[in-house]
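Novice: Structure below; questions to follow.
What follows draws every value from the coordinates through simple rules; no lab data is involved. Only a predicted model underlies this, so the values are computations on that prediction, with no experimental measurement involved. With ideal geometry, Cβ positions are generated from the backbone for all residues, glycine too; neighbour counts draw on all protein chains shown.
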Amino acid sequence: MEVVILPDAHAVAVLAADAFEALVRAKPAAVLGLATGSSPLPVYEELARRHRSQGLSFARVRGFGLDEYVGLVPGHPQSYAQVLQHEFAGRLDIDPANVRVPDGTAADLPAACRDYEEAIRACGGVDLQLLGVGTDGHIGFNEPGSSLLSRTRVKTLTEQTRRDNARFFDGPDEVPRHVVTQGLGTILEARHAVLLATGARKAEAVKALVEGPLAAFCPGSVLQLHPHASVLLDEPAAAGLALADYYRQTYADKPAWQRL
Ligand code: GLP
């Protein structure tokens, strides 16, 4: 796991966008793993800017969302399908049909989860998976206690996550209780995992994820098993890290030819 501590959220977004750009230029038909929540939004903004001003093309890219709420009416503005359409696909030259999100409206959710796994496999797997982290350490919607080898499935949100996400809805009661999420085992198969965390409210989860034990209690800690995981932090999110100076030194000394 490479930990990169940057001055602010903008620098985090630029470095993540650099990783996307390098991948898409080298492999125009890359498969991108797309996160929602507020942390990735500056990355999507930066990619849209590079698309507009530098012609960075996503025409052949395919994208897979990490997760989705169960039971929102189709087209609900807070469904992750809509959010990714609005924040990502709609601002790029990607074919919207090539961005898939788990189907939280399916009558047979387990079958929809199996189909989703199969669709990712059929595309050759995810090249770059963008991730945020919840204040309880979840990635995707894999809440504490998630099997470290889990696959796409239905999960129940913790009250903490429902409270955290209430800001996107009309009130806390509007936040669905159930979700469909790629599993931790699914996420581990992405070739490169890039997790972003910004702001002081993430410091505790970041400390547990990076320096705590590998444990289902902090689902994001599963990235300690990933052979190519980059954790990009701003200063407030990195505030609890015991080895912060070591991570800073390591990144400062990194050879220029070595990307994330
Ligand atoms: C949601 C998403 C996660 C995201 C988390 C953190 O629960 N399912 O993928 O990482 O929120 O969101 P934010 O970046 O807004 O703090």
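Novice: Any idea which residue in the stretch 77-104 is nearest to the ligand (Cβ to nearest atom), counting only those that are out of contact with any helix residue (DSSP H, G or I) (no Cβ under 9 Å at 6 or more places or on another chain) and polar (S, T, N, Q)?
Specialist: Only one residue fits best here, namely Ser79.
Novice: Among the candidates Gly124, Gly65, single out the residue that is within 16 Å of Glu189 (Cα to Cα) and either free of Cβ contacts under 8 Å to residues at least 40 places away in the same chain or within 16 Å of the ligand (Cβ to nearest atom) (or both).
Specialist: Step by step, each of Gly124, Gly65 is checked, and only Gly65 is within 16 Å of Glu189 (Cα to Cα) and either free of Cβ contacts under 8 Å to residues at least 40 places away in the same chain or within 16 Å of the ligand (Cβ to nearest atom) (or both).
Novice: How do the pairs read when you match residues in the stretch 156-168 that are basic (Lys, Arg) with residues anywhere that are more than 9 Å from the ligand (Cβ to nearest atom), using Cβ under 6 Å and keeping only pairs 6 or more apart or on different chains?
Specialist: Arg162/Val175
Novice: Still on this structure, please answer the following. May I ask you to say which residue of Leu149, Leu195, Leu209 is outside any helix (DSSP H, G or I) and under 28 Å from Ile5 (Cβ atoms)?
Specialist: Matching residue, one of Leu149, Leu195, Leu209: Leu195.
Novice: To continue, here is another question. Working carefully through the options Leu41, Leu15, Leu34, find the one that is touching a residue at least 12 places away in the same chain (Cβ under 8 Å), buried (at least 21 other Cβ atoms within 10 Å of the Cβ) and under 24 Å from Leu232 (Cα atoms).
Specialist: Leu34
Novice: Take the residues in the stretch 71-96 that are free of Cβ contacts under 8 Å to residues at least 40 places away in the same chain and assigned to a loop (DSSP other than H, G, I, E, B); name whichever of them is surrounded by the fewest Cβ atoms within 10 Å (Cβ to Cβ).
Specialist: The qualifying residue surrounded by the fewest Cβ atoms within 10 Å (Cβ to Cβ) is Val73.
Novice: Moving on to the next point. Do the conditions hold for Ser57, that is, is it of a type in the set (Gly, Ala, Ser) and assigned to a loop (DSSP other than H, G, I, E, B)?
Specialist: It is true that Ser57 is of a type in the set (Gly, Ala, Ser) and assigned to a loop (DSSP other than H, G, I, E, B).
Novice: Quick one: which residue in Pro213, Pro172, Pro144 is away from the ligand (no atom under 11 Å from the Cβ) and touching a Gly at 6+ places or on another chain (Cβ under 8 Å)?
Specialist: Pro144 is the lone residue from the list that is away from the ligand (no atom under 11 Å from the Cβ) and touching a Gly at 6+ places or on another chain (Cβ under 8 Å).
Novice: Suppose we filter Leu188, Leu196 for residues that are in contact (Cβ under 8 Å) with a residue 12 or more places away in the chain and within 11 Å of the ligand (Cβ to nearest atom); which single one remains?
Specialist: Sole residue among the options that is in contact (Cβ under 8 Å) with a residue 12 or more places away in the chain and within 11 Å of the ligand (Cβ to nearest atom): Leu196.
Novice: Can you tell me which residues in the stretch 121-142 are buried (at least 21 other Cβ atoms within 10 Å of the Cβ) and aliphatic (A, V, I, L, M)?
Specialist: Val126, Leu128, Leu130, Leu131, Val133, Ile139
Novice: Report the residue count in the stretch 215-252 for those that are under 18 Å from the mean Cα position of the chain (by Cα) and not small (Gly, Ala, Ser).
Specialist: Final tally of qualifying residues: 13.
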